[in-house]
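Encoded as structure tokens, the structure appears first; notes follow it.
The values are calculated or read from the model by the stated rules, or taken from the named source; none is laboratory data. Keep in mind it's a predicted model, so treat the numbers as computed, not measured. Note that we place each Cβ from the backbone using ideal geometry, even for glycine, and neighbour counts take in every protein chain shown. What goes into the accessible areas is simple: the full protein's heavy atoms, side chains included, and nothing from ligands, DNA or RNA. Shrake-Rupley method; radii C 1.70, N 1.55, O 1.52, S 1.80 Å.
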Amino acid sequence: MKIALIGLGTTGRIVAEYLLKEQVLTMVLCKKSSNKAGKDLGEILHRPATGIIVESIDNLEEKLLRERPDVLIDFSQPVFLRENLALLARCKVNVVTAVTGYSEMDVKRIKAVTRSGKLGVVMAPNITYGVNVLLAIAGIVAELQVDCDFEIIEENHKNKKDSPSGTAKKIAAAVLTSLSDSGGCVDAIPIHSIRSGDTIGKHKILVTGQYDQIEISHTAFSREAYAEGAHKAALFIKGKKGIYEMKDVFGLGMSKCKSVINKINKLNSGQCCCG
Ligand SMILES: NC(=O)c1ccc[n+]([C@@H]2O[C@H](COP(=O)([O-])OP(=O)(O)OC[C@H]3O[C@@H](n4cnc5c(N)ncnc54)[C@H](OP(=O)(O)O)[C@@H]3O)[C@@H](O)[C@H]2O)c1
């Protein structure tokens, strides 16, 4: 497995450390005219030399064809994939993009390229296992609590560029889908965003009824959770074509949620749900 990484910011550096430990990182890219180009990755990570020299994305095609990574993990900004999607398809380099803040037009283009069978992409605005379990739970709770008010509160570090977070938007979409499948009629789920300090990522869903309230929350303690998710997604997308989400990577799709709901129904009807 050969992984290339683009983006050595707050999160990308942690991802680089993790991939080095897993011995799968073979190429690190940075934006044109970045002062990181030409330096050993170890110098940027404040550790001994790694032998991996960070390269700028000038002449990217030539560099990818030389190194031939199986997958590129992207922790940069939306502009990178916007400008290099066709080139990555030509070079047959699949992508895990953890980047948030893509426009609807960006997503349409990515879908079109993957549908034409030229590229495999994991779109991962929510890359940790814990957040994906939260998303699944949000869908289940919305199915069971159709008449409640749903609100999302998210907190992230003060330098985060997009607001609300990609994860908060995904939670809202999961709740809306479940509500409309269960006969609810809500147009939008309010999202409240807080940007302060170095908060790594907190998402809370408030489900408020007439007499009580449920709170479901996820807090990331370490950015290594992002690195672990990105590595899993890269292993998953190697050699595949098409567009996927992290729920596909983690096996948390509809059938898993339905099986949980079936278990709850069995418990409620007094039947044993083991076995
Ligand atoms: N999916 C998730 O669960 C998850 C988790 C964490 C972060 N993220 C997302 O990952 C992205 C990066 O987050 P971060 O906190 O690490 O941000 P950051 O600290 O601002 O780092 C961004 C990195 O991207 C590079 N970059 C900027 N423009 C570029 C371009 N045009 N081409 C190539 N590289 C470019 C920057 O290079 P310089 O350093 O040279 O300026 C920097 O290394 C954001 O979209 C964030 O929302 C997602």
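One table, with the values for the structure above:
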| read-out | value |
| --- | --- |
| Per-region count, the stretch 218-250, residues touching a residue at least 40 places away in the same chain (Cβ under 8 Å), over 14 Å from the mean Cα position of the chain (by Cα) and closer than 25 Å to residue 175 by Cβ | 1 |
| Residues of the stretch 165-202 that turn out to be within 21 Å of residue 252 (Cα to Cα) and open to solvent by 60 Å² or more (accessible area, probe 1.4 Å), as a count | 5 |
| Leading residue by the ranking (farthest from the ligand (Cβ to nearest atom)) among those in the stretch 100-125 that are among the hydrophobic types (A, V, I, L, M, F, W, C) and open to solvent by 10 Å² or more (accessible area, probe 1.4 Å) | 112 |
| Odd one out for residue 131 among (1) within 11 Å of the ligand (Cβ to nearest atom); (2) among the aliphatic types (A, V, I, L, M); (3) part of a loop (DSSP other than H, G, I, E, B) | (3) |
| Residue 175 over 28 Å from residue 196 (Cα atoms), without any contact (Cβ under 8 Å) to a residue 60 or more places away in the chain and of a type in the set (A, V, I, L, M, F, W, C) | no |
| Flag for residue 65 being open to solvent by 70 Å² or more (accessible area, probe 1.4 Å), part of a helix (DSSP H, G or I) and hydrophobic (A, V, I, L, M, F, W, C) | yes |
| Some residue of the stretch 226-241 being open to solvent by less than 60 Å² (accessible area, probe 1.4 Å), touching a helix residue (DSSP H, G or I) at 6+ places or on another chain (Cβ under 9 Å) and outside any helix (DSSP H, G or I) | no |
| Breaking point among (1) surrounded by fewer than 15 Cβ atoms within 10 Å (Cβ to Cβ); (2) away from the ligand (no atom under 16 Å from the Cβ); (3) not charged (D, E, K, R), for residue 206 | (1) |
| Odd one out for residue 178 among (1) among the hydroxyl-bearing types (Ser, Thr, Tyr); (2) in contact with a His (Cβ under 6 Å, 6 or more places away or on another chain); (3) assigned to a helix (DSSP H, G or I) | (2) |
| Subset of the stretch 179-191 (residues that are touching a residue at least 40 places away in the same chain (Cβ under 8 Å) and out of contact with any Asp or Glu (no Cβ under 7 Å at 6 or more places or on another chain)) | 184 |
| Residues satisfying the stated conditions in the stretch 74-91, i.e. open to solvent by less than 40 Å² (accessible area, probe 1.4 Å), assigned to a helix (DSSP H, G or I) and more than 6 Å from the ligand (Cβ to nearest atom) | 78, 81, 84, 85, 87, 88, 89 |
| Complete set of residues in the stretch 1-34 that are more than 15 Å from the ligand (Cβ to nearest atom) and open to solvent by 20 Å² or more (accessible area, probe 1.4 Å) | 1, 2, 20, 21, 22, 23, 26 |
| Qualifying residue in the stretch 158-171 (condition: in a helix (DSSP H, G or I), touching a Pro at 6+ places or on another chain (Cβ under 9 Å) and without any contact (Cβ under 8 Å) to a residue 40 or more places away in the chain) | no |
| Among the residues listed as 49, 37, the single one being part of a loop (DSSP other than H, G, I, E, B), more than 19 Å from the chain's Cα centre (by Cα) and within 12 Å of the ligand (Cβ to nearest atom) | 37 |
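Rundown of residues vs (1) of a type in the set (D, E, K, R); (2) not assigned by TED's automatic domain parsing to the domain that holds residue 36, yes/no style:
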| site | (1), (2) |
| --- | --- |
| 64 | no, no |
| 68 | yes, no |
| 87 | no, no |
| 97 | no, no |
| 121 | no, no |
| 148 | no, yes |
| 153 | no, yes |
| 168 | no, yes |
